[in-house]
Every structure is written in C-alpha cells, then in structure tokens.
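Worksheet: one structure, shown below.
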Amino acid sequence: MLKFLISAFLAVVLSVLLSPHAVASQGSPSPVIGQESSVSMAGKMSTYRNGASDLTVEEAAELYQEGQFNKPEAEDSSSTNFGLTPEEIWLALEFSTREKAHQNWFLEIGHASLDRVRVYLLEDGNLIYQGLSGDLLPFVSKPVSHRNHVFPVSLFPGNDYQLLVSVRSEGTLTVPVTFWQGEALWASDQQTYGALGLYYGVLLALLVYNLFLFFSLRDVLYLTYVGFIGCLALGQAGLSGLTGQFLWSDIPWLVHLSPTAGVAASGVFGALFVQRFLAGTPASMKIAWLMPALSVAYGLTFLTAIFVSYYLAAVAVNLISMVFAVSALLMGAVSLLRREPGARFFVLAWISFLLGVLVIALHNVGVLPSNGFTTNALLIGSVMEMLLLSLALADRINELQQSRELAQSQALESRQRMLELVKENERYLESRVAERTQELETVNHQLRESQRLLEEQANHDSLTGLANRKLLQDRIIGAKARASRSRESFALVVLDLNKFKPINDTFGHIAGDEVLIAVGDRLSDLPRESDTVARIGGDEFVLLLEGISTSKDLDRLKLRLSEIADIPVALSCGTTLRVGLSFGLAIYPDETRDLDRLFSIADAQMYRNKRAAEVEPSGN
C-alpha cells in the first residue's frame, strides 16, 4: 500500500510539474502572439551578461540594437538558465501581435527566488510599461500578488513590441518567461499549488509522526530527522516563493535568506541523522569524522548566508550537498552489504535524494536547462527520500526488535518453562489491565455525562427546559453591558399565571406541570434569538428583550402576551383550560439603571396587574 502511495505521489507531482506550460518550447526568431491562453518565451530570448554596474533601459536597448546580445540557438531551452552568477543578466525579445489578439496579459518570470527583476516593454522604441519585483521587496510591493514575479501588460492587436528584462540574484539565476491569460495562469497555479500542497502535506505528516516517535521512544535520532524535515521544507518554501507569500510577506530579508539558509540548516540535521542512523558503519570505514564535519560545514554555510555573503553560501551549499549525498549513499551501500538494520530503504532514500541533488546542482550551475523537472528536482527527490527514510526507520525498529528477540530466545532456551509462566502472567495482567481500562473508560463516560447534566441543570429549569434564575442573571448582566456600549434599551418582563393554584388543587400537580410546559413552549416562540425566556420559580416567568427602541415594540409584545393568555391548554386528562397571564414590564435605562430595582419595578407592576385581574368578574 505504501509503495502504491509513493508511486501515486510521484506521478501526480511529475504530471503537474512537467505539464506543457512548464516545458521549454522551441526557439523562434520572431514570436507572434494572438489568442493563445499562454505563450512560453523559453529558448527565444537574446541574453547579455553585464559584469559592471547596472545598465539603464536605454543603454540595454542600444546594446541590443548593436547586436551585443547573444541570440538563442534553435531549441536551446537552457539559454535563460545562468546558474550561480553575480552578474546582471539582460534578456531581450522582439515580438508582434496578430490582428486578432488578446489585449490584457500577465508576464510571468517563473523563478520566485530572484533578488531583483525589472521589466520594460517598448513599442516603436517608446517605453510603454515598466515594472519592478524581486524577493528583496515586500510582497505587497509586487505588481501582482503572486508567488512568482508577475507583471500586468497590455498588448494591442497588430503591433510590434520589444521586451527587455533585467535580473540580478545572489542565488540561482534562471529566467523562464511566459505570457499568460488570466484564466490560464489561474488554472496553472491551481495545479502547482495542488502539487505543493501534497508535498507539504506529506512532509507535515512525516514530521508529526516522527515527533511522536521521539516523545514515545526518547531517541534523539527521530528528533534529528524532524529537524531535517522542517528545515528542508522551509528551504523548499523559499525556492517556490511560499515564504514571501504566506510566512514573511513584510520581512523580505527573511524571504531572501530562506532558500539557501533553509537547505543549509537541513544539512546540519541531515548529516547528524546519517551519522546516528548508520551507527558503526562510518567508524568501520575509518570516516567517523566525515558526517560531523559536513554538519559543521553546513552550519558555517548557514552563518555565511546570514552574515557574510549569500552568493558564497549558495555556491557552498550546492557543493557540500553533492559531497554529502554521495558520501551518505556510499556509507549506506556498505551498511547494506553488512546487513545493517534499515539499510535497504536507506540506500533507496539516498539514491532518490542524490539524483535530486545532482539534477538541481547541475541546473544551478547552468549545465542542465530549466524545466519543470530540473527546477523541482530537489522537491521530488526530497519527498521520496523522506518517505523512504521513514520506512528505513520503521525497518530499523523491526530488525532491531527481531534481533533482540532472537538473542533473548537463545539465551533463555534452558529456562523455557519459566518464560512460558512469565508470558502467562503477562497475558493475565494484560487482560486485567484491559478490563480495568474498560471500567475506567465507562466511569469516565459516566462522569462526563453527569457533568453535562449538572451543567444543564445548573442553567436550565428541569421542567420546562427554559433558562433558570442563574442563567437569567448572567444574561441580564450581559444585556446591561451591551446596552451601555450601544446606548440602546432592553426590557425586563415578569409574568405570572392567574389562578394557577386552583388548577393544581383541582386537577393535580401533573396537570399543573402540563400547563407550565405549554406556557413555556409558547413563550419560547415569542422572542428573537437574542432574547431570553426564563422560569424563575413556581408559575413565574421572565422575558429579557434586548434592542427595544420604540413604544410600538412594547405594544406588539403586550398584544402577543394577551394572545398567548387566550389560547386554551389541553391537558392529558382531556380537560381544556384557559390560563390567564399577568405581567409587569420595566425598561433599562429609562426607568432605572440598577438591575435589582429594575426587577422590582417589573415585579411590582405584575402584582398590581394580577390583583386587578383577580377582582374582575369571572365572566370576563
């Protein structure tokens, strides 16, 4: 199953990264843009290396007209990959638009870690657009909010244009140029983000899994592997432009450092991991010093990137990584011959990583062309390596466990009967522990359920399910605070059932409970979601109505309460009763700002209305 998942992951990543828009197309002397969804300019742009101070666009255009730019060879997709160079690189392209052509385009420079990118678009020698981007700028300063460097340009049908691009970067300098329609760029981004999401999802799962193994086994090997995964993920995020877009959009110097510094930091942990994982193999090869030395070299490279020269650190990290990958592979092969635990998966892992490192290193120094595979070789190789290293760790645990069990079996062969008795006791204890655990889980469930019921009972009336006095008090305090902030009013309505005691005396308490439940249900339908209905005892109910702004609100409330009082209640015994309601009302803060006084005013008004209702003739 795991082999299938690894194969599926690799197939998805390759299908996205090697899709047609990512592969360099054949060079063309004079491209023509029409109604295509995207047009790749890889292999079509003339280039000029400037080792002096930066040129102006006028100077670059003059050099181009004088033929100082190098024309691309046919199908030379590597012409825009310059490796590691401190020079300013200029690219130039003459192109035209068809009579029927899209007007609005996005020009993408598809390498996120470039330090500074300047784009100039000329029409008949006149500058009509210029844009500036780069990872040394805050993300919000980019012309388009995108992980790569994207510029909005307008191209009118039937015109001739000249494109000039100036690039400087202390890291790998590759300049894939593509014109996009908005929808096509969006669709391409979704594929790329899908692949990157899958990549970082795998890395996150491996990181969390091995972190739990560290906490469980207390083996520093797993913590070292976690550091390796985390730092490598950070370096890859820098290369793909995700650090600038999502992590440090306002801290460009961190975005600038993340590709090389992240890979260097991962190398510190990676070398220590190899040394600890292979155990006695480095010592048997008389090179126990090698991996610690490489770890120190990676650490110095990390410090160099921060405090000395990013360019020197970028060169160093590529060279050290090639030495590291080859050394780890050779030591892994020796471990495999010695049948060390986990060696088979370890060798496969480092073969994957070595291929990725070699491809990206050769690409970075300008040997290999830029395409979806070469620019993402380290991403593909690293995720395959980490998946296989996880298998190596698991295999190592299994093989060590099997070796330990075999040694114990041979040592205790004469005491087999004693071992059987011990195992029998262990099974008995395990069964007892399992029973006890089940009992504890049952008790815990009962306790949680009891706690839930207690909380429900503490805040709600057990008969009607309405809020009780405690919850009502909390709601009133909250309503007062909100009313003070918003300068609004709220109403407190105290209600009491008329002649409720004769119902209990005549029909019994069960009938009385049915009346209380029916009245509570009707009152619950009365207010809005923000209001509160509570039963505070006996046949007494309270309404807390927030946001009361006009007298019409109160008139409607009184009308609804009168309607509720007129609706008969059908008892389970078959009798139908008509229950009257008496209520009193007080407004905060119109009548008082003291909550106790507010309640007293409403309660007193309710009792006046109740006494008035009791003296009315029974026929009314």
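General observations
- Selection of region 505-514 for residues being touching a Leu at 6+ places or on another chain (Cβ under 9 Å) and surrounded by fewer than 13 Cβ atoms within 10 Å (Cβ to Cβ) yields only Ile510.
- Residue pairs whose Cβ atoms lie under 9 Å apart, sitting 6 or more positions apart in sequence or on different chains, and linking a residue in region 53-70 that is on the phi < 0 side of the Ramachandran plot to a partner that is charged (D, E, K, R) and surrounded by fewer than 13 Cβ atoms within 10 Å (Cβ to Cβ), are Gln68/Glu62; Asn70/Arg49.
- Filtering region 256-274 for residues that are free of Cβ contacts under 8 Å to residues at least 12 places away in the same chain and aliphatic (A, V, I, L, M) leaves an empty set.
- Ala481 meets the conditions (1) touching a residue at least 40 places away in the same chain (Cβ under 8 Å); (2) under 48 Å from the mean Cα position of the chain (by Cα) in every case but one. The failed one is (1).
- Exclusive hit being at pLDDT 80 or above, open to solvent by 70 Å² or more (accessible area, probe 1.4 Å) and assigned to a helix (DSSP H, G or I), set Ile477, Ile517: Ile477
- Note on region 222-271: among residues that are open to solvent by 30 Å² or more (accessible area, probe 1.4 Å) and over 18 Å from the mean Cα position of the chain (by Cα), the one that is nearest to Asn210 (Cα to Cα) is Leu223.
- Residues being out of contact with any Cys (no Cβ under 9 Å at 6 or more places or on another chain), among the charged types (D, E, K, R) and either over 17 Å from Phe583 (Cβ atoms) or open to solvent by 60 Å² or more (accessible area, probe 1.4 Å) (or both) are represented in region 459-466 by at least one member.
- Conditions (1) part of a strand (DSSP E or B); (2) open to solvent by less than 10 Å² (accessible area, probe 1.4 Å); (3) farther than 13 Å from Val175 by Cα: number failed by Ala60: (1)
- Strands (runs of 3 or more DSSP E) lying entirely in region 103-193 (those with 2 or more residues that are touching a strand residue (DSSP E or B) at 6+ places or on another chain (Cβ under 8 Å), at pLDDT below 90 and closer than 22 Å to Ser40 by Cβ): 172-174
- Screening region 480-492 for residues that are at pLDDT below 85 and outside any helix (DSSP H, G or I) and picking the one that is least open to solvent (accessible area, probe 1.4 Å) gives Glu488.
- Flag for Leu495 being under 25 Å from Glu614 (Cβ atoms), at pLDDT below 85 and not small (Gly, Ala, Ser): no
Rundown of residues vs (1) in a strand (DSSP E or B); (2) of a type outside the set (Val, Ile, Thr); (3) at pLDDT below 80, yes/no style:
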position	(1), (2), (3)
Leu523	no, yes, no
Val533	yes, no, no
Leu543	yes, yes, no
Glu546	yes, yes, no
Asp553	no, yes, yes
Arg560	no, yes, no
Glu563	no, yes, yes
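The values are calculated or read from the model by the stated rules, or taken from the named source; none is laboratory data. Keep in mind the model is a prediction, meaning the values are calculated, not measured. Note: ideal-geometry Cβ built from the backbone for every residue, glycine included; neighbour counts use all protein chains shown. The accessibility values were calculated without ligands, DNA or RNA, using every heavy atom of the protein model including side chains. Shrake-Rupley method; radii C 1.70, N 1.55, O 1.52, S 1.80 Å.
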